[in-house]
Structure formats: C-alpha cells, structure tokens
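No value in this document is a laboratory result; all are computed from the given coordinates. Because the structure is a prediction, the values reported are computed rather than measured. Please note: Cβ atoms are built from the backbone with ideal geometry, for glycine as well, and neighbour counts cover all protein chains shown.
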Amino acid sequence: MLSSNSSPSKLSLPLLPSVASAAGDPQDARLVFVGDPDRSSSPGADVAASNAIRTTKYSLLTFSPRNLFEQFRRVAYIYFLALALLNQIPQLTVFGRQTAFLPLGTVLLLTAIKDAYEDYQRHRSDTAENNRPASVLPLRSQQAASTVRKKWKEIRVGELVRVEVNETIPCDMVLLSTSDPTGVAYVQTTNLDGESNLKSCYAKLETAALAPEALAAAIIRCEPPNLNIYGFQATIELGGDGPRIPLGPTNIVLRGCDVKNTSWVVGVAVYVGMETKVMLNNSVDGQVWRPKATVNTDRKLLRLLETERHTEAGLHAVGFFLALATCNTIVPRVLDTSDPGVKLIDYQGDSPDEQALVYAAAASGFVLLGRTSGHITIDVLGERQRFEVLGLHEFDSDRKRMSAVICCPDNSVKLFVKGADSAMFSILDRSFDLEIVRATEMHLHAYSSLGLRTLVIGMRDLSSREFENWKACHNTASTSLSGREDLLGDTAIQVESDLRILGATGIEDKLQQGVPEAIESLREAGIRVWVLTGDKQETAISIGYSCKLISGNMSQIIINSHSKESCKQSLEDAITMCEKLTISRTQTDGGSTGSATVPVALIIDGPTVMDKIVNGLFGVMLMHVRVPFGWLSLVKGLPKTKCFI
C-alpha cells in the first residue's frame with residue numbers, strides 16, 4: 001500500500017542517444033490528413049474503412065458450425081454425445097437408438113435458438129447505431145461552406161465532424177474548435193466509465209481561432225489504436241513548415257461521449273469503427289489476463305488510478321506500482337484455462353516477497369505479462385506497454401536493496417529501487433519533503449508492529465549524462481574478470497542516490513502449521529531458543545508473540561547501543577536486573593530454587609554486537625551469565641553476525 005500522499009516531480013527527461021532514436025515519428029504512427037479522408041484511408045494507411053461497428057457473433061454462414069463448436073466446449077455435452085454414440089452399438093444398447101440423441105439434441109436446439117435471438121438483437125442494435133445521423137464538413141468540395149448529413153457508418157478517418165449539444169460523439173476525434181472562444185468543451189462519459197460528472201476537453205488555441213477551411217492543409221500524427229481510454233499522444237501541423245503542436249488526452253473526445261453545456265464542437269476523426277477505444281475495450285475476441293493468485297485491493301487507490309492517473313497523486317501511484325512490476329526477477333508463466341479467452345498468469349521466482357509484490361501490482365491494474373533479457377511487457381491499466389530493462393542491480397546483504405534501470409515507453413529513463421528502510425532513508429534526496437519521510441516511518445512502524453516484513457520503494461529520473469556515466473561504469477564492471485561483484489556493487493551505490501519515496505509495503509509471512517506448538521514444547525523442556533533475523537525490531541517482537549516465543553510473563557530486555565562501552569554497560573545492567581528478579585522470585589517462592597528461574601527475552605540489534613564479536617566479549621557474556629535467557633533475538637543481523645552466533 002502507499003505510505004503517503006506525496007506529490008511526485010513532473011520533470012521530463014531528454015531523449016537519450018543510446019535509448020531512443022533521433023527525434024522523429026515512430027514507424028507505426030498514424031497520419032491523418034484533415035479534411036482528406038482519401039489520403040488518410042489510402043491502401044497503405046492501415047486504417048478502418050468506415051465507422052461501422054459489428055458486435056454480432058455470427059453470420060448466416062457461420063452460425064451453425066460456430067454455435068455447435070461453442071456449445072461442445074462444455075465437457076458434459078461431449079459426455080452425453082459419447083453415450084449416445086455408444087448406444088448405437090448393438091452389444092452396448094441400453095435404450096432405443098432413435099431416442100438416444102433426443103435429450104442432447106433438444107438442449108442443443110433450444111440453446112441455439114436462444115443464441116440466435118440474442119445475436120439478432122445485437123444485429124438490430126448495430127444497425128440502429130450505424131445509421132444514426134451525423135454532420136460532416138466536406139472541406140475539399142464545393143460544399144465546404146455547409147455541413148453534409150451522413151450516417152455514422154459512413155464517417156472516415158480525416159473527416160471533420162460537427163456535434164451539437166446533447167448529441168453523442170460518433171467516433172474518436174481530436175477537438176479543433178468549440179462554441180466557447182477559449183476552446184473548452186464539456187462531455188459526459190457515462191457510456192465509457194459510468195461516471196455522470198462532466199469532464200472538460202480542450203481544443204488547441206492555435207486551431208480554435210481558425211475557420212474550418214484554414215485547416216485543410218493540417219496533418220495529425222498520432223499513436224496507433226489502443227485500449228487506453230485515458231491516454232493519447234499526437235501532434236498536429238497546420239501546414240507548411242510550421243511547428244508541431246502537441247496533443248494530449250484532454251484534446252480528444254471518444255466515441256459514446258455526450259456533448260453537454262457546449263453549443264457545438266468540431267473535430268477530426270482519428271479512430272473510427274472497430275478501432276475506437278470503446279470498441280477495442282468491448283472486444284469479445286481479446287484475451288483476458290488474470291493473475292493466478294488474488295489480492296485484496298484498496299478501492300480509493302483503484303479510483304485514483306482509474307480517474308485521476310494524470311494528476312500528481314495519480315502519477316505518484318502509477319510510479320509506485322510500476323516499481324513493483326519492474327524491479328524484480330519474476331518470470332511470468334501463462335497458463336491455459338477452460339475458457340480460451342481467459343489466460344492465467346503464474347508468477348515464478350526465487351523470492352516469495354517479490355511474487356507477492358508483483359501479484360499486488362497486478363491486482364491494481366499493472367499486470368506483468370512477459371519478460372526477456374532485454375525488456376518486459378506490462379499491461380498498464382488496460383494498455384500493453386513495453387519497458388526496456390537497461391540494467392538490474394540485484395539485492396545483496398551489504399546494500400540491503402535492489403534497483404532496476406528502466407527505459408519507459410515515453411523514452412524517459414528511471415531508476416526504481418526497493419529495500420530496507422535503514423538502507424533507503426540514507427540515500428534520499430536532501431530536498432525531499434520531511435513530512436513524507438515521517439509519514440512513511442510511521443507507517444513502517446505500524447506494519448512492523450503487526451509482524452509484517454517491510455520495504456521502502458523509491459525512484460529517481462536519470463538525466464542523459466547520468467545515464468551515460470552509469471552505462472559506462474556498468475559495462476566496465478560487468479565485463480571485468482576480477483572483482484566483478486564488488487565493482488557492480490560500487491556502480492549500484494553510485495547510481496542509487498537522490499531518491500524520492502514512492503511508498504512502503506508490508507508483507508505477511510504466515511507461520512507454518514504446528515510451529516507455535518513446537519516452540520512452546522521446546523521452551524517447556526528447558527531448551528533455549530535463539531532467533532537470528534534481518535527484520536526490524538518491531539517485526540521480530542511481533543513474530544515472537546505470534547509463535548509463542550515471547551509470553552506475557554516474560555521480561556523483555558532491549559539493547560540498542562552503538563559503542564563498546566555502552567553495549568558492555570547495557571549487558572551488565574541486564575544481567576544485574578535478572579539476578580535481582582531471580583532473588584525476588586526465590587524469596588516469593590519460599591526459598592525454593594527449583595522454580596526461581598526468571599523467563600527473560602533479550603532483544604539486541606546487529607550493529608550493537610558487531611564490535612563485541614571481534615573480541616568475543618558478547619559470546620562470553622551470553623554463555624557464562626547465571627541467568628538463562630529464555631529467548632534471544634538478534635534483529636537486523638548481517639550474515640557474518642549470524643555466522644558467529
């Protein structure tokens with residue numbers, strides 16, 4: 001979950017020479033010639049021929065075979081068909097041969113009639129939709145001064161469409177002008193996302209002030225049709241060698257929206273028919289990707305991602321889940337289901353924590369679909385995007401974090417980092433908001449108190465120079481024949497700096513069945529139990545209670561010292577206190593020494609004992625104290641610390 005409501009920086013990065021080609025149009029960009037549908041729909045343009053839609057599943061020729069195929073995908077139908085066929089063999093006949101197919105045939109016939117009726121209703125709906133009237137401005141004809149009434153299905157890419165108030169947008173079109181002098185228009189998107197509140201769209205001021213005839217030489221370069229109803233990237237040239245004007249999500253209105261509080265709008269069709277975003281999202285032939293595991297999600301967070309993803313808070317949430325989906329070594333495995341249109345994704349990896357984080361990202365709309373050595377594919381809120389993996393610094397016990405250098409679809413290069421709080425807070429940007437840091441620390445403390453394993457997620461944008469410096473160092477380190485791991489670690493440390501916090505996570509690691517009972521039996525048998533963990537102190541204590549390592553009558557001694565003298569003094573004070581408790585209990589029990597042992601839990605962190613390990617002082621004090629510690633927990637312990645213990 002997100003740990004704060006911080007606002008991310010909106011700095012954009014320049015195109016990097018080694019990541020993106022020189023500034024220019026992508027090879028798959030669509031060219032739309034305003035007012036010239038013939039050029040826009042030329043044979044090599046790869047656009048829909050018309051604005052007609054088709055939601056029917058069958059035709060007169062395909063109904064019988066396709067309907068039978070869909071029905072016999074049910075295993076029960078195949079079973080009863082096999083019984084009927086076996087009944088035709090004289091030695092196996094149980095009932096009449098003529099009536100063997102009657103029950104199954106009746107069910108097939110009734111189902112076919114139902115499917116045919118439903119498809120006929122869809123056909124009628126398609127016909128009514130395709131024949132709705134629309135007003136088109138024919139710029140390149142003698143009727144340029146007036147509008148021409150056309151059916152929706154006759155609209156083509158490049159045509160100018162005029163929509164009046166309370167009318168429905170017939171296709172996805174870029175706004176060029178509106179009745180408002182400022183170029184603003186209001187639309188209702190109930191048919192798209194179910195929201196009844198009005199949304200504002202804008203025509204560029206450069207086009208809003210022009211007459212329709214002046215737009216005849218304009219050219220729009222836009223991205224190919226895609227599922228993302230909240231994103232749009234394009235540019236428009238007004239003719240000649242003029243500058244390209246950028247177009248974004250606020251400059252496009254989608255098919256199915258209703259114009260409200262605006263007398264009229266004029267736009268140019270860029271996606272028509274089955275290429276419109278609403279039809280792409282309504283496709284029955286597309287694959288549905290579903291994670292194998294289910295994760296509970298936060299409704300407020302999902303609403304933020306769906307409706308406000310372009311706000312500062314929304315961009316912050318997008319960065320958080322992109323970090324979870326990209327900064328890992330998980331390999332997705334696609335599994336088939338009984339429904340050909342649904343695919344299960346099983347995330348496989350060495351770390352259960354990474355699996356849990358990737359499943360959490362998928363539950364929030366960031367589904368990791370595929371991974372190769374050079375790139376990963378993620379379904380980002382319904383839009384499939386490809387991210388290049390430029391480098392990966394895996395987790396190690398010294399850095400206590402992992403990072404990935406990712407090139408995003410917009411050619412920006414970002415560094416995503418996740419790690420322990422002790423390793424992350426020290427590499428934050430000094431100008432980062434301290435209130436966010438405090439809020440994150442508070443949430444981490446709350447997670448740890450619940451026994452959750454915590455991680456902090458951070459990010460930074462890499463400039464062109466920073467990326468080139470990192471790339472040179474990374475190439476040198478990865479090709480070195482000696483000391484490669486140390487060099488790669490140094491390279492990671494150099495780039496992992498000046499981070500912005502995106503959020504924090506808490507992962508529950510449930511105890512296996514029977515563990516608390518087994519540990520309690522060990523304690524009752526007088527066996528001391530020592531726990532060596534790399535978790536936070538609060539997490540270790542919470543786990544101690546859950547697995548019955550710590551009981552309510554056990555005294556806790558917590559030692560967090562950072563010098564030899566203070567550590568020695570703390571241990572001596574702890575032993576003295578335990579001896580006093582033992583004497584007090586002996587007197588209470590009437591002098592019986594058999595029951596005088598005081599249960600004590602000693603919690604000490606790894607940095608505290610590091611200096612003691614060198615001289616063996618810590619071990620000597622633990623092994624020769626007169627008061628046995630019922631439980632010892634070493635928190636934040638390094639591997640060499642655990643090895644000594």
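Each of K151 and R465 was given a label point 7 Å from its Cα along the Cα-to-Cβ line. The distance between the two points is 6.3 nm. If you wrap the Cα atoms of region 453-510 in a convex hull and average its projected area over all directions, you get 5.5 nm².
For Q556, the residues whose amide H sits under 5 Å from its own are A601, ignoring neighbours fewer than 5 places away on the same chain, with H placed 1.01 Å from N.
Stretched out fully, how many nm does the piece from A211 to E508 gain, at 0.36 nm a residue minus the Cα gap?
Working: separation 297, 0.36 × 297 = 106.92 nm, distance 6.24 nm.
This chain segment gains 100.7 nm when fully extended.
The string of couplings for region 68-82 from the Karplus curve (6.51, -1.76, 1.60, θ = phi - 60°) is 5, 4, 5, 5, 7, 6, 7, 4, 4, 5, 5, 4, 5, 5, 5 Hz, one whole number per residue in order, with x for Gly and Pro.
Taking the centroid of alpha carbons for each part, region 218-271 and region 55-71 are 37 Å apart.
Highest average first, the peptides 77-90, 226-239 ordered by how many other beta carbon atoms sit within 10 Å of their residues are 226-239, 77-90.
A quarter of the convex hull surface defined by the alpha-carbon atoms of region 292-507 gives 13.1 nm² as the mean projection. Report, in listed order, any pair from K57/K277; K199/K277; K277/K300; K153/K343; K414/K510 with a Cα-Cα distance greater than 23 Å. Correct reply: K277/K300; K153/K343; K414/K510. At full extension, L522 and K114 could sit 140.2 nm farther apart than now, given 0.36 nm per residue minus the alpha carbon distance. Stretching the chain fully between T190 and A313 yields a gain of 41.9 nm (0.36 nm per residue, less the alpha carbon separation). For the peptides 120-126, 329-335, 252-258, the ranking by packing is 252-258, 329-335, 120-126, with the highest mean count of neighbouring Cβ atoms within 10 Å listed first.
Could you rank the peptides 538-548, 356-366, 380-390, 209-219 by their average count of other C-beta atoms within 10 Å per residue, with the highest value first?
Values: 538-548: 19.5, 356-366: 22.5, 380-390: 18.0, 209-219: 15.8.
In descending order of packing, they fall as 356-366, 538-548, 380-390, 209-219.
Its residue count N sets the reference 2.2 N^0.38 Å, and the alpha-carbon radius of gyration of region 90-202 equals 1.93 times that reference.
Kirkwood Rh over Cα pairs of region 63-128 into Stokes-Einstein at 10 °C, 1.306 mPa s: D in µm²/s? Before the final figure, lay out each step's value.
On the way: Rh = 13.6 Å.
Answer from the Stokes-Einstein relation: 117 µm²/s.
Relative contact order for region 292-507: 17 percent, from Cα pairs under 8 Å spaced at least 6 residues apart, divided by residue count. Calculated FRET efficiency, K548 to S449, Cβ-Cβ distance, R0 = 22 Å: about 0.80 to the nearest 0.05. Distance from the Cα centroid of region 488-511 to that of region 364-394 is 19 Å (rounded to whole angstrom). For K580, the aspartates and glutamates whose Cα falls under 16 Å of its own Cα, not counting residues fewer than eight places away in the same chain, are E572, D589.
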